[in-house]
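First up is the structure itself, then whatever we jot down about it.
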Amino acid sequence: MANIKSAKKRILTINKRTMINKSRKSAMKTSIKKVYDAIEKGDKNLATEALKEASKIINVTASKGTIHKNKAARLVSRLQYRVNNIA
């Protein structure tokens, strides 16, 4: 446990940020799963709508610094590729 006042404050801040980041990542992963589920069903319209929502959430997560912007671009690109190749 920290003894210095500023270190104690940092611990509280870090815990808050950790919870926010976990929440954002969880929402992002859930939206990605929805896209994959729509792809599995073969429903292109549903997949496109899910992709729109997922890409928005992924980009917000990246802009807030939870994930790197290149990772966000890679995730969106992979999802877009799979949606485009639905038979």
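So for the pair N70, M19, with labels modelled 7 Å out along Cα→Cβ, what separation do we get in nm?
3.3
For the stretch 34-45, in order, what is each residue's ³J(HN,Hα) by Karplus, 6.51 cos²θ - 1.76 cosθ + 1.60 with θ = phi - 60°, in whole Hz (x at glycine and Pro)?
Ordered by residue, 3J(HN,Hα) equals 5, 5, 4, 5, 5, 5, 4, 6, x, 8, 5, 5 Hz.
Towards the positive end of the charge dipole of the stretch 31-87, with charges on Cβ (+1 Lys, Arg; -1 Asp, Glu), say which of S63, Y36, L75 has the farthest Cα.
Working it through, the farthest residue towards the positive pole turns out to be S63.
Could you work out how far apart the two model spin labels at A7 and D43 are, taking each label as a point 7 Å from the Cα in the direction of the beta carbon, and quote it in nm?
Computed distance between label sites A7 and D43 equals 5.4 nm.
Residue-wise, which Karplus ³J(HN,Hα) couplings in Hz belong to the stretch 69-83, taking 6.51 cos²θ - 1.76 cosθ + 1.60, θ = phi - 60°, and x for glycine or proline?
5, 5, 5, 4, 4, 5, 4, 5, 4, 5, 5, 4, 4, 5, 5
Picking from K52, K41, K33, which is most flexible by a Gaussian network model of the chain using Cα springs under 10 Å?
K41
Note down the relative contact order for the stretch 31-87 as a percent, whole number, built from C-alpha pairs under 8 angstrom at least six residues apart. Don't jump to the answer; show the numbers that get you there.
Values: 47 pairs, mean separation 22.4, N = 57.
Once normalised by length, the contact order is 39 percent.
Return the subset of K29/K71; K34/K71; K22/K44; K34/K64 for which the Cα-Cα distance in this structure is over 25 Å, preserving the input order.
Working: K29/K71 13 Å; K34/K71 19 Å; K22/K44 30 Å; K34/K64 22 Å.
Exceeds cut-off: K22/K44.
Name the most mobile residue of N21, N70, N59, meaning the one with the largest mean-square fluctuation, in a Gaussian network model of the chain with Cα contacts below 10 Å.
Of N21, N70, N59, the most mobile in the Gaussian network model is N70.
To the nearest 20 debye, what charge dipole does the chain have about its Cα centre, counting +1 at the Cβ of each Lys and Arg and -1 at the Cβ of each Asp and Glu?
Numbers: 22 positive and 5 negative charges, 153 e Å.
I would put it at about 740 debye.
Work out the P(r) tail for the stretch 31-87: percent of alpha carbon pairs separated by more than 20 Å, whole number.
On the way: 338 of 1596 pairs.
Beyond 20 Å sits 21 percent of the P(r) for the stretch 31-87.
Every number in this text was worked out from the coordinates using simple rules, so none of it is lab data. From a predicted model like this one, the values you see are computed outputs, not experimental measurements. Note that each Cβ is placed from the backbone with ideal geometry, even for glycine, and that neighbours are counted across all protein chains shown.
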